[in-house]
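This report refers to the structure that appears directly beneath it.
The values are calculated or read from the model by the stated rules, or taken from the named source; none is laboratory data. Keep in mind it's a predicted model, so treat the numbers as computed, not measured. Because the Cβ atoms are built from the backbone with ideal geometry, glycine has one as well, and the counts that use them run over all protein chains shown.
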Amino acid sequence: MYIRPRTRWTTLVWLFLFVAAAAQNKFNAPISTTVDVLPADLVAQPPGENWVSYNGDYSGRRYSSLSEINVQNVGQLRAQWVFHSDNSSRLEVTPVVINGMMFVTASNDALALDARTGRVVWHYTRPVTEGLIDDASRHVSRGVAVWHSRIYLETDNAHLLCLDARSGHLIWDVAYAVENKNYGATSAPLLVKDKVLVGTSGGDDGVRGFVAAYDALTGKQAWRFWTIPGPGEFGSASWPGKLYIHGGGTTWMPGTYDPELNTIYWGTSNPSPDFDGEVRPGDDLYTDCVLAMDPDNGKLKWYFQFTPHDLFDYDATETPVLIDAVYQGEPRKLLVEANRNGFVYVLDRSNGKFLSAVPFVEKLNWARGIDAQGRPIRTGIQPSAEGTRVCPGFAGATNWFAPSYSEVTHLFYFKALEDCGNFFLKPEQFSEGRTYYANGVKHLSSESRQKILLAYNFDTKSFAWKYPQVGSTYSSGGTMTTAGGIVFFGDDSQSFEAVDAQNGEPLWHFNTGQSVDASPMSYAIAGKQYVAIASGSDVFSFGLP
């Protein structure tokens, strides 16, 4: 039998095929089901191949250290896979990725996906709760927390669930808000050390807000901090009689955490009833605040109130972003927050000292500015029976959608909304099963709305650039920055978009065909970077060819 000698050319062909096959196997081999998130993994920052929590890391900066996708090649991004949820038309989840396994939530369901293909690995399903009101009735879930091989999520009716990360089996179920039927939950939990921290929704519905911590292993409550003080406690003068039980101040977005200071920072919502300030005199603590707390025992270290005696539903649940930077020539541990009331704030997070506040919208008429102590200088306008024009409007000058900070540009990015509303007042009594706004808000048909992506230099108190949006202005797409010099965000025209972080120049977009009401994240598998975002009823993952 004659065997033809192997030539140099055939050797090269075989070598090429071998390398190609190895590469194909590298990217298509079964993913590891090993999920073991250690305390050191949670503390690490910035995130790289894993995105271990709602904001990527404890700081809330949503900055990814991955740079394979950059300003030079982002225009080549292609959809790698799409996962469709059949039980929610409005996903607001930020995926979490651990070792190639992606965890997402849709209503009360949790799913594990192969982060390379979108294939479902397991699916925990739980029916939505009937009879809920307001935000809770939308059955929104923004994601999970992970600790070792356990997954934690909040349900629409404020239950904390613990699942096995390998199988999706339920380990335990704790109902953590049973005092009032108007409670709900929309957040992702925050995992600090060996405790799972949760909050609730319902600040417009006459509930009493709190942050609570549960033992991650057993589900036993470790502590609870009530955001509305009870009789005889500091700040209780604003809550006569039993009004404190219905005072609002809910905690419907996850906080951030500084391991060095061992301090969590958690935002609180508006007081309740929303538009009737006569029944709740004074500052209405601790509504519209950022609370600095000890995660071990829930003790309050300090607080800062952005909008005392709020009459306009200006929740302070926007992410308190933790940044170590030179500020005004001095190294500082900063907390930066773009607030719903129209001002972007800088605080010293070690002690709560007010450093600066700058307006970021032009339509702002409820205050003339912020004084040296950080309190607003009010104009005196307030809701009325006949209606009062108030700017920002009911949705706020910004909202829960994620801001971000870039270590490349040292700029702070967030979405702003130029809008006003007509605020009406009609006093009412609290009743379970009903909202507790004391009337409502109508959009003024004569007012135009405009969403804008802003890049803020907090050291110079100036805006590096502004990128106006086109579209409906009803989306809630947040932002993420990367070491590749990009800002990714969901825009107002049903697109996922990328701009140059340095100058705001548009680089790429992908039309999802659905409203984007979630914030993006990034992860890597075998050296390949992906960027993912939820839109409508789908989760999209993108990568380079």
* **Among residues of segment 470-512, those that are touching a residue at least 60 places away in the same chain (Cβ under 8 Å), assigned to a loop (DSSP other than H, G, I, E, B) and not hydroxyl-bearing (Ser, Thr, Tyr), counted** => 7
* **Residues of segment 392-422 satisfying the condition of being outside any loop (DSSP other than H, G, I, E, B) and either of a type in the set (Phe, Trp, Tyr) or within 16 Å of the chain's Cα centre (by Cα) (or both)** => Ser404, Tyr405, Phe412, Tyr413, Phe414, Lys415, Ala416
* Filter segment 315-339 down to the residues that are over 19 Å from Gly374 (Cα atoms) and not small (Gly, Ala, Ser), then identify the one that is surrounded by the most Cβ atoms within 10 Å (Cβ to Cβ). => Ile323
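Can you list the strands (runs of 3 or more DSSP E) lying wholly within segment 332-391 that have 2 or more residues being under 23 Å from the mean Cα position of the chain (by Cα)? Quick ask: steps written out before the conclusion?
Numbers: elements: 343-348, 353-359, 367-370, 376-378, 388-390.
Filter on segment 332-391 gives 343-348, 353-359.
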* Pick out the one residue from Asp86, Asp135, Asp57 that is outside any helix (DSSP H, G or I), surrounded by 20 or more Cβ atoms within 10 Å (Cβ to Cβ) and acidic (Asp, Glu). => Asp57
* For segment 146-163, name all the residues that are part of a loop (DSSP other than H, G, I, E, B) and touching a residue at least 60 places away in the same chain (Cβ under 8 Å). => Ser149
* **Conditions (1) in contact with a helix residue (DSSP H, G or I) (Cβ under 8 Å, 6 or more places away or on another chain); (2) under 25 Å from Trp252 (Cα atoms); number of the one not met by Arg116** => (2)
* Asked: Looking at segment 399-452, which of its residues are at pLDDT 95 or above and of a type in the set (A, V, I, L, M)?
  -> Ala402, Val408, Leu411, Ala416, Leu417, Leu425, Ala438, Val441, Ile452
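For segment 532-540, check the following and say yes or no: at least one residue is out of contact with any helix residue (DSSP H, G or I) (no Cβ under 7 Å at 6 or more places or on another chain), over 23 Å from Ala416 (Cα atoms) and surrounded by 24 or more Cβ atoms within 10 Å (Cβ to Cβ).
Of segment 532-540, the ones out of contact with any helix residue (DSSP H, G or I) (no Cβ under 7 Å at 6 or more places or on another chain) are 532-540.
Right, trim to over 23 Å from Ala416 (Cα atoms) and you get 537-540.
Next cut, surrounded by 24 or more Cβ atoms within 10 Å (Cβ to Cβ) only: 539.
Yes; the residues of segment 532-540 include at least one that is out of contact with any helix residue (DSSP H, G or I) (no Cβ under 7 Å at 6 or more places or on another chain), over 23 Å from Ala416 (Cα atoms) and surrounded by 24 or more Cβ atoms within 10 Å (Cβ to Cβ).
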* **Subset of segment 251-265 (residues that are over 11 Å from Val192 (Cβ atoms) and aromatic (Phe, Trp, Tyr))** => Trp252, Tyr265
* List every residue pair whose Cβ atoms lie under 8 Å apart, where the two residues are 6 or more positions apart in sequence or sit on different chains, the first residue falls within segment 441-462 and is of a type in the set (Phe, Trp, Tyr) and surrounded by 22 or more Cβ atoms within 10 Å (Cβ to Cβ), and the second residue, located anywhere, is at pLDDT below 95 and in a loop (DSSP other than H, G, I, E, B). => none
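Output the residues belonging to segment 241-259 that are without any contact (Cβ under 8 Å) to a residue 40 or more places away in the chain and either surrounded by fewer than 17 Cβ atoms within 10 Å (Cβ to Cβ) or in contact with an Asp or Glu (Cβ under 6 Å, 6 or more places away or on another chain) (or both).
Across segment 241-259, the qualifying residues are Gly241, Lys242.
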* To do: Would you mind finding the one in Ala112, Ala106, Ala158 that is farther than 24 Å from Gly56 by Cβ and crowded, with 23+ Cβ neighbours inside 10 Å?
  => Ala158
* Which pairs have Cβ atoms under 7 Å, sit 6 or more apart or on different chains, and link a residue in segment 362-386 that is acidic (Asp, Glu) to one that is buried (at least 16 other Cβ atoms within 10 Å of the Cβ)? -> Glu362/Glu418
* Give the residues of segment 265-308 that are surrounded by fewer than 22 Cβ atoms within 10 Å (Cβ to Cβ) and either modelled with pLDDT under 95 or touching a helix residue (DSSP H, G or I) at 6+ places or on another chain (Cβ under 8 Å) (or both), sorted by residue number. => Val279, Pro281, Gly282, Asp283
